[in-house]
Structures are given as C-alpha cells and as structure tokens.
Amino acid sequence: MTSKPRRSLRVVHVITGLGDGGAEGALYRLCIHDQKNIHHVISLMGMGKYGPMLQDKGVEVSCLNVKSGSLRILPALWTMWKIIRHYRPDVIQTWMYHADLLGGIIGRMTGCSNVCWGLRNGTLNAEDSSRTTVLISRFCKVLSWIIPRKIVSCAQRASEEHIQLGYNANKICLIPNGYNLNDFTPDIDAGENLRNLLGLNRSDKVIGFVARFDPMKDHQNLFVALCKLRERGITPKCILVGTGMTIDNQKITHLLNKFSLMDQVILLGRRNDIPAVMNALDFHVLSSSSEAFPNVLAEAMACGTPCISTDVGDAASILGSVGKVVPCRDPSALATAIESMFVEVDSDGWRERCYAARSHVERNFSMEQMLDSYQKVWTGINLPSVLN
C-alpha cells in the first residue's frame, strides 16, 4: 500500500521589509526554489529589491507600507489580519524582530497556532542596533515562551546569544542558509568580462566587499586596512557593491576622501550580477562588526572565491579551514590577512584553495538542505534543539 503524497502547505511569510539584506535574500531563495508549497509574502514596509523579483517568479506579495515612526501601524495590522484570515495558512513564518513580534501576535489572533519565528541578528548592541530594535527584541524574549511553536535561527552564534538574552532555548533550531549552486558557480569568463568593463587587467590585484552601506558593515575598518597596506606598497583595487555604494552617498565619499582612496576603490552600487562580481575578485573581504550568517561569504566561496572575514556570527564555520578570520575592528590584523592572502594568490596551492572553497559550500550549505529543514519544521518534525 503506497502512502498518499503530502499536500502542499500554504505558507505566509511576514518580514520587516524586502530591501537588500541577508534575511530578504534567504526568503527569496526559499520561496522560489520550494516546489512543494505555496508562498505568500507580507512586507511590513514596501516592495524593496526583492518584492518585484518575487512577483516575477509568481509569488504573491502584499506590502503594508509602514514607515518608521508612522501612525499607520494600526491600520496596517488590521490589513495584515485580513490577509492572513483570507489566506488561512498552514504555517506563518516570520523574519526579523519586528515581524516576529507583530506577525506572531496577529498570526495567533487569526487562529493560526503554527507560527515559526526567524532569528537573523548576530548581536544586539547600542552601536549597531537602534533603540527600537533592542526594545522589540526584549518583548520578543518574553513572548518567545508563548507565541512561536518554533524559532528558526540561521546561525549557531545567534542562537547562543539569544538564549543568553532569555529566549526559549527549547524552541530554537538551527537552519543555515542555502544557496543555488547553479547560480553561484566558478565562471572565469564572467569575471574577466566584468574586469574588462571596469578597466582592470587579469594581473591586477582585486578585492571586494558585497554589502549595503550600514554601520554594521564597518567599511571604515576596511578603508583603514587599505591605508595600512598602502604604507607597505600594496595597493589592490577594491570593488564595493551594494545599496548605498555609490558616488551619491556623501558618507561613503567622505570616508574615501578622508583616507585618500577615491582612486583605489570602485563603487558599483546595487547589482544583480553578484556571481560575476565574485568571479572578478581575487578574494572577498568582509569587514563587518556584526553579522549572523553572512551570505556573501558562502556566495563567494560557491564561485570558487576564497574569503577573509572578521570574526562575526557564523563566519568562521562558513569559511571552515579555507578562509582567514580576523578580530573585529582590527584593521591591522585585516591588512596583514589581506597581504598574506595576496602572497598565496601567486602560489601553486591557490587553485586548490579555490576548489576547496566551492566544495565546502556544496557539502554544508546547499539549497536542498535548507528546503528540507524548513519543510520539517513547518510539518512539525522536530529538528535537534541547539542545546543538543
């Protein structure tokens, strides 16, 4: 006797916004690659970067268009309640603190008990997080014992830090981000084409950092490291990609002028050809002061591009033995790591390092692994608690 195939689940995702960020990217990949279930995305804010991309793939998107400090929050919550009641989801998956709080409460008010929260922040401190975010996280700490059935964390370190904050440890399970390895793959031609467009030769030393302009990304850390390298006679080109990485951003141009780096740094803004960017680099450098699960590291490695990263979130486990990890806010250590990596670029073992980077992502961060884990959480199959 054969068992009946399991029916598709109706999944409503509630996320703070759909801008250019790691959580947003993970949600996008999850929705477009999950062929088993039907997804509807509610953004507390606007369409951002990923809203139109989701719609192009046939995923329904509803935007509540709430702005920071806006009085529209109550009408927006009423709209969310009506959408969820109409959709009658089997599961509500929320992403980030604001969505965990509001989506969780409204979801339970509609009668859906299968609410799963999503932890995406690595650390919470006054330097990197707003007062509102810290306050909401404290509400969530209390409600974590009441509202969600499960709490999905993308990073082990994020799990541990939230347990220390007082989150219900028995509900937290770890699901690392997954990647479509057909999109992120080694492509020498794509990398060389981008270099040519930027006026760079194959022999030029090129590093890059793919990240939006945000205090947590700590671009100044990278800029000071570049200054220290310049003192040693090392002047690689540095490609910066992401929202806010444009000449129109006065804050970034002020920093570049301050450190005399305008001729060395290439600002490309937000782009949709990230695999080509990764293939154009000798290696990727992440200089952040805070992360949970930095997607760009896995994306670069999937393209066969080794990485250097500050010791944030789960960066060390993402890199494994393939990359280099340095302390946060230590530009001297970052400069030394970049210098030593360039020495290796010219060595016989560099190709093996590039191959190992790709292999590490294939083994640990595939899209199939992420989809299977979410499916188990949504259908009530218990993944191991982070305490186990």
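Each reported figure results from applying straightforward, stated rules to the coordinates on display, with no laboratory input. Treat the numbers as computed from the prediction; the structure is a model and nothing was measured. We place every Cβ from the backbone using ideal geometry, glycine too, and count neighbours over all the protein chains shown.
Assorted remarks:
- Dividing the Cα radius of gyration of segment 188-364 by its Kirkwood radius returns 0.92 for Rg/Rh.
- On full extension, the segment bounded by His86 and Ile73 gains 2.7 nm, given 0.36 nm per residue less the C-alpha separation.
- The Asp56 and Glu339 beta-carbon pair, evaluated with R₀ = 45 Å, returns a calculated FRET efficiency of approximately 0.55.
- Descending semi-axes in whole angstrom, ellipsoid equivalent of segment 64-187, from the Cα gyration tensor: 24, 20, 17
- Only one residue of Leu229, Asn201, Val241 has its Cα farthest out toward the positive end of the dipole of segment 173-256, where Lys and Arg carry +1 and Asp and Glu -1 on Cβ, and that residue is Leu229.
- Listed residues Ile15, Ile188, Ile172, most fluctuating in the chain (Gaussian network, C-alpha, under 10 Å): Ile188
- Helix content alone sets the calculated 222 nm mean residue ellipticity of the chain: runs of n ≥ 4 DSSP H residues at -39500 (n - 2.57) each, divided across all residues, give -13000 deg cm²/dmol.
- Of the DSSP H helices in the chain, those with a Cα length along their own long axis of 20 Å or more and a mean Kyte-Doolittle hydropathy reaching 0.0 comprise 73-87, 331-345.
- About the Cα centre, charge dipole magnitude for segment 188-364 (Lys/Arg +1, Asp/Glu -1 at Cβ), debye: 320
- Between the listed residues Asn257, Pro148, Gly51, the Cα displaced farthest toward the positive end of the dipole of the chain, a dipole computed from Cβ unit charges relative to the Cα centre, is found at Pro148.
- Chymotrypsin sites (Phe, Trp or Tyr not before Pro) restricted to DSSP loop in segment 309-383 with at most 15 other C-beta within 10 Å: none
- Label selected from (1) 5, 23, 32, 24, 12, 3, 0, 0; (2) 5, 22, 29, 20, 9, 4, 3, 3, 3, 2, 1, 0, 0; (3) 4, 21, 27, 21, 14, 8, 3, 1, 0, 0, the criterion being P(r) over Cα pairs in 10 Å bins from 0, in percent as computed here: (1)
- Sparse-neighbourhood loop sites, trypsin sites (Lys or Arg not before Pro) in segment 186-270 - DSSP loop, at most 13 other Cβ within 10 angstrom: Arg202, Arg232
- For segment 271-355, the Kirkwood radius over C-alpha pairs fed into Stokes-Einstein at 10 °C and 1.306 mPa s yields D = 123 µm² per second.
- Net +/- balance of residues flanking Pro75 in space, Cβ distance below 15 Å, scoring K and R +1, D and E -1: +3
- Prolate/oblate/rounded call for segment 168-245, Cα gyration tensor, a/c under 1.5 rounded: oblate
- Relative to the 2.2 N^0.38 Å rule of thumb, segment 206-288 has a C-alpha radius of gyration ratio of 1.00.
- Sequence-separation-based contact order of the chain, relative, with Cα cut under 8 Å and 6+ spacing, percent: 15
- GNM on the chain, alpha-carbon springs under 10 angstrom: the most fluctuating residue among Val343, Val277, Val41 is Val343.
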